[in-house]
Amino acid sequence: MNELNTATYSRNTKETKISISVKYFTNGNFIGSSGLGFFDHMLNSFAKHSNMDIILECKGDLDIDDHHTIEDIGICLGKVISESLKNMTSYRRFGHSYIPLDESLSRCVIDLSGRAYTYFKCDFNSEKIGDLSSEMVEEFFRSVANNIPATIHIENIYGKNDHHKCESIFKAFAKSLNIALSINPHENGVPSTKGTL
């Protein structure tokens with residue numbers, strides 16, 4: 001069995017310069033900033049509930065909008081998880097979670113399958129949640145899924161407040177990923193009948 005420890009991934013383009021370091025199964029501390037206050041709040045929540053220490057260095061073209069920054073952080077998070085999985089066996093592979101936040105309830109189901117697919121359903125009321133474009137929430141998760149690669153189904157089942165909807169989604173994703181990455185003591189090798197993912 002292999003246990004996850006730490007991993008780092010960097011991405012430098014004309015639009016963003018990003019470095020992300022992750023330490024798994026810890027207290028879940030988030031250090032750094034995306035330059036977007038509400039998105040940092042979501043990343044902090046993700047770190048805490050996935051039990052990952054995350055250090056983020058990011059310089060993005062926020063003078064244009066938040067698209068490249070959020071998309072590229074998703075790419076980097078997906079890549080760093082992907083690199084970690086290359087050295088790991090006997091993980092659970094599947095994870096799911098339902099997370100409430102006041103009137104909002106969200107569900108996330110993950111398969112670390114090696115196949116990229118994203119299903120996302122959430123009807124936000126506003127174009128912005130703080131300084132975060134609502135449409136970029138789905139793009140973030142799509143970037144993560146494409147770069148692990150993984151199958152991720154996310155749905156806000158119901159809710160009224162956009163802040164609550166978004167936060168319950170990030171927490172559900174965090175808990176699901178934590179479960180999927182955890183060691184399965186009954187598994188010996190790659191968790192697939194094919195013998196590979």
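No lab work stands behind these numbers, since they all come straight from the coordinates. None of these values were measured; they are calculated from a predicted model. Don't worry about glycine lacking a Cβ; one is built from the backbone with ideal geometry, like all the others, and counts go over all protein chains shown.
Computed quantities for the displayed model
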| read-out | value |
| --- | --- |
| Cut-off of 10 Å, at most 15 other beta carbons, DSSP loop: longest stretch of the chain lacking such trypsin sites (Lys or Arg not before Pro) | 15-85 |
| Total lysine pairs whose alpha carbons fall under 13 Å of each other in the chain (8 or more apart, or interchain) | 7 |
| Integer Hz, Karplus 6.51/-1.76/1.60 couplings in order for region 77-92, x for Gly and Pro | 5, x, 5, 5, 5, 4, 4, 5, 5, 4, 9, 10, 10, 6, 8, 5 |
| Under 5 Å, built H, 5+ apart or other chain: amide partners of ASN29 | ASP53, ILE54 |
| ASP102-SER33 FRET efficiency (beta carbon distance; Förster radius 35 Å; 0.05 resolution) | 0.85 |
| In order through region 54-63: 3J(HN,Hα) via Karplus (6.51 cos²θ - 1.76 cosθ + 1.60), integer Hz, x for Gly, Pro | 10, 10, 10, 10, 8, 10, x, 7, 5, 5 |
| Global geometry of region 67-167, whether rounded, prolate or oblate, following the gyration tensor of its Cα atoms and the 1.5 cut on a/c | oblate |
| Percent RCO, i.e. relative contact order, over region 12-127, from Cα pairs under 8 Å lying at least 6 residues apart | 23 |
| Pair THR89, SER126: separation of 7 Å Cα→Cβ label points (nm) | 5.1 |
| Förster-model FRET efficiency, 30 Å R0, ILE157 and GLU135, C-beta, rounded to 0.05 | 0.90 |
| Relative contact order of region 95-185, pairs being alpha-carbon contacts under 8 Å that are 6 or more residues apart, as % | 46 |
| Those GluC sites (Glu not before Pro) in region 42-135 that DSSP places in a loop and that have at most 16 other beta carbons within 10 Å | GLU103, GLU127 |
| For PHE120, distant residues with modelled amide H under 5 Å away | ILE154 |
| For MET88, MET136, order by how many other beta-carbon atoms lie within 10 Å, fewest first | MET88, MET136 |
| The chain - share of DSSP beta bridges that are antiparallel (%, nearest 5) | 80 |
